[in-house]
Amino acid sequence: MTEILESHKNYNPRLRLFYVLVAVLVLVLLSGLAYRQLISGTLYSDREEIQNLRRVLVPGPRGNIYDRNGELLVGNRPRFAAVVYLAELRTEFRQEFAELRRPYIERGLRTDQVPLPRMARTAVLQRYLDEINEILGRDESVDSDKLEGHLRRQLILPYFLINDLQPEEYAKLLEQIPIDSPIQVYSSSVRYYPHRSAASHVLGYVGSTLEIPEEGVPGEKLMTFNIRGSQGREGLEQYFDDRIQGQTGGEIWVVDPAGFQHERIDKKKAVQGEAIVTSLDIDLQKTVEEALGDYRGAAVALDPRTGEVLAMATSPGYDLNDFTPSLSTAAAAEINETGAWPNRAAQGLYPPGSTFKLVTAMAALKDEHITPDTTAYCRGSHRVAGRTFHCHNRAGHGEIDLARALQESCNVYFYEYGVQTGVDRISTEARRLGLNEKTGIELASETGRMLVGSAEWKRRVHNTPWFPGDTANLSIGQGYIRTTPLQMASMTAAFATGRDRITPTLLLNGNRDTAVATDPIGLTRQHYETILRGMIGAVESGTARNAAVPDVVIAGKTGTAQVPTREGRLHMAWFTGFAPAENPEIVVTVLVEGTHPDDNYGGGATAAPIAREVFRKFFSDREADELAAAGEPRPGP
């Protein structure tokens, strides 16, 4: 019998499918693991970083502001505060909480309706604040609402126990606070104004803000906390805020699950902002402000060759240091009460009075309604369309030509030839000289609400026709005309240099490239010299003689405008002029604002003496500088 041998294979075809499935599952698992580790790893790392890291932004110090001679006008001073970092007090918080909770537990009382954690934190901080109170002789207490808000929103930042320490208090704390105390003296910077109220409306002030620049600070995806910075709110501080603002620094901290800082891992130092060099002369500025005294008004001094503002004063003013670190309620109330908020030089709108006769004269000469030799007879009044208009000299000036009409500020002359010239020609000339629009100075608050009336404007706004009497009023700077002292100074500077416009600037060398890029004023040499002769005569022997300074030839024009109010007519006293008359180096414009009908202000009696002090200071300083340059000793006081 043949033995048949069978070969048996230990193999089942169905197992192949099982092996394939296992291989596929392993492959999927490995792929998922690779995706998690290699592709999603960065994402999870970012999420972990966002959860565990915090960024703190620190504002850079603001840039300094200087006058034209390098004198500091605005700087920074250190500001000291007593602070604690709440992370360092967590153990004490827990211990205090346990102490407060123990009586409730022992008596079987519920604690869920008693704010024990809040009470514990307040008690701990009050103990440290009491240490400071004892050293400084203060009586401060912890604001628990403020503390809880800090815990919720700014946990990583220092908590301020006392916000603004005086220098002597700072020194005491450094000397007497124990080395191991969690109390720290925190240093930051706030604005400092060494000249206090000088040029307050020009320099401006700052307010606190959390909106500080973030450019260049790493960690933009992280939860960010800002230490308060400052932002310009008025004047140059506002206009040049982007340049003055410091470069923000920052820190990156590792925090624990509760949000308390654990370790600082990165730091970028804050950098001070750009310095601004202004055209102001602080010594001349102070002279202007002292000359204004207790009057309510404004004065502007500028260099007509460049448009650089040498001084711009508004009275009353305010002490800029009252705004740092913040303006108190009492200081704000005083500013409100005295009416010191507006910059009257750039925001105050007033009828220019007889200073506007310069514009009327230019319009009449250009339109050939008069020549330099044209005369009028002043009897003290003039009839226009059946209405009597008076001259300021009720006795009259007699026969008078243009130069003498400017010298004596004769209203009758300008009534007669202003009406003949017409409102359209006068208002066109005023607009050409820029009296209807902003000057373009570096002040964001400069008003744009000035008014140069015209027949079209009156019809559109008041729905009434323009009358000859309106032209008579306009010709002497009354009626439908409103301008600022800065505009009148700019117009005077343009005339002084034979141009139709200058753009005033508060920056040193701010307009040197563009100051002469304007049209000529459009007067013949004879016309210009006639107006100039009248202005020189006004200072030498006419209405502006109170502006005269020995050995200086000054060209000037006074004005006294009236503004009707419920209480009566208020007088606005003006002076505008320049010197030396033949080669102008300075323009001075003064406006004194009457506040009561009994204020008998006049351009010659009130505004001209203020201008005299400004001219005197300017030329005295120039002479002293020339002597110093020649190596001679300066004259004594």
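Shape analysis of region 403-452 yields a ratio of the Cα radius of gyration to the Kirkwood radius, Rg/Rh, of 1.13. Region 521-622 gives an Rg/Rh value of 1.05, both radii derived from C-alpha positions and Rh following Kirkwood. Placing unit charges on the Cβ atoms only, positive for Lys and Arg and negative for Asp and Glu, gives the chain a dipole magnitude near 1840 debye about its Cα centre. Dipole orientation for the chain: of the candidates THR503, GLY250, LEU29, LEU29 has the Cα lying most toward the positive pole (charges on Cβ; Lys, Arg +1; Asp, Glu -1). Scattering from region 327-459 was approximated by placing one identical point on each alpha carbon and applying the Debye formula without solvent; log10 I(q)/I(0) at 0.17, 0.18 1/Å stands at -0.95, -1.02.
Within region 385-415, what residues put their amide N at less than 19 Å from the label point 7 Å along the Cα-to-Cβ vector of THR524? Those under the cut-off are 401-404. Both radii were evaluated on the Cα set of region 54-277; the Rg over Rh quotient, with Rh as the Kirkwood radius, amounts to 1.05.
What separates the Cα centres of region 234-286 and region 180-222 is a distance of 6 Å. Packing here is the average count of other Cβ atoms within 10 Å per residue, and on that basis the peptides 184-197, 136-149, highest first, run 184-197, 136-149.
What does the C-alpha gyration tensor say about the overall shape of region 98-155? Classify as rounded when a/c is under 1.5, otherwise prolate if a/b is larger than b/c, or oblate. Oblate, because a/c is 1.5 or more while a/b does not exceed b/c. Sparsely packed loop sites in region 522-572 (the GluC sites (Glu not before Pro) outside DSSP H, G, I, E and B with at most 15 other Cβ atoms within 10 Å) comprise GLU567. Listed cross-link partners LYS146/LYS267; LYS357/LYS438; LYS357/LYS458 are compared with a 24 Å cut-off, the Cα-Cα value being larger for LYS146/LYS267. From the alpha carbon centroid of region 558-617 to that of region 434-460 is 21 Å. Given +1 at the Cβ of Lys and Arg, -1 at the Cβ of Asp and Glu and no other charges, the dipole of region 54-277 around its Cα centre is 420 debye to the nearest 20. Distances between every pair of Cα atoms in the chain, grouped in 10 Å steps from 0 to the bin holding the largest one, split as 3, 13, 19, 16, 12, 10, 9, 7, 4, 2, 2, 1, 1, 1, 0, 0, 0 percent. For region 398-549, the alpha carbon positions stretch 47, 44, 29 Å along the principal axes, listed from largest to smallest. Across all directions, the average projected area of the convex hull around the alpha carbons of region 224-376 is 16.4 nm². A dipole drawn for the chain from +1 and -1 charges on Cβ atoms has a positive end, and of THR589, MET572, LEU174 the residue lying farthest that way is MET572. Volume per residue for region 203-300 equals 145 cubic angstrom (convex hull of Cα atoms). Straight-distance candidates among the aspartates and glutamates for linking to LYS221, with alpha-carbon spacing under 20 Å and chain neighbours fewer than 8 residues away dropped: ASP46, GLU48, GLU49, GLU211, GLU251, ASP256, GLU263, ASP266. Across region 534-576, the convex hull enclosing all Cα atoms gives 63 Å³ per residue.
Taking Lys and Arg as +1 and Asp and Glu as -1, the other residues whose beta-carbon sits under 12 Å from that of ASP519 total +2. Taken about its Cα centre, region 234-306 carries a charge dipole of roughly 240 debye when the Cβ of each Lys and Arg holds +1 and the Cβ of each Asp and Glu holds -1. Here the peptides 583-595, 454-466 are ranked by packing, the mean other Cβ count within 10 Å, and the order with the highest first is 583-595, 454-466.
In the chain, taking the dipole from charged Cβ atoms about the Cα centre, the farthest positive-side position among TRP466, LEU222, THR355 is held by TRP466.
Of the Cα atoms belonging to region 493-581, the radius of gyration and Dmax stand at 16.3, 49 Å.
By the rule of a C-alpha distance below 24 Å, with chain neighbours fewer than 8 residues away ignored, the lysines paired with LYS617 are LYS286, LYS557. Which distance in Å, rounded to a whole number, links the C-alpha centroids of region 361-390 and region 142-173? Answer, in whole Å: 71. Would you calculate, for the chain, the mean residue ellipticity at 222 nm contributed by helices, counting each DSSP H stretch of 4 or more residues as -39,500 (n - 2.57) and dividing by all residues, to the nearest 500? Dividing the helical sum by the residues of the chain leaves -11000 deg cm²/dmol.
The numbers here are math on the coordinates, done by the rules we state, and not lab data. Since the model is a prediction, treat every value here as computed from it, not as a measurement. When we count neighbours, we look across all protein chains shown, and the Cβ atoms used for this are built from the backbone with ideal geometry, even at glycine.
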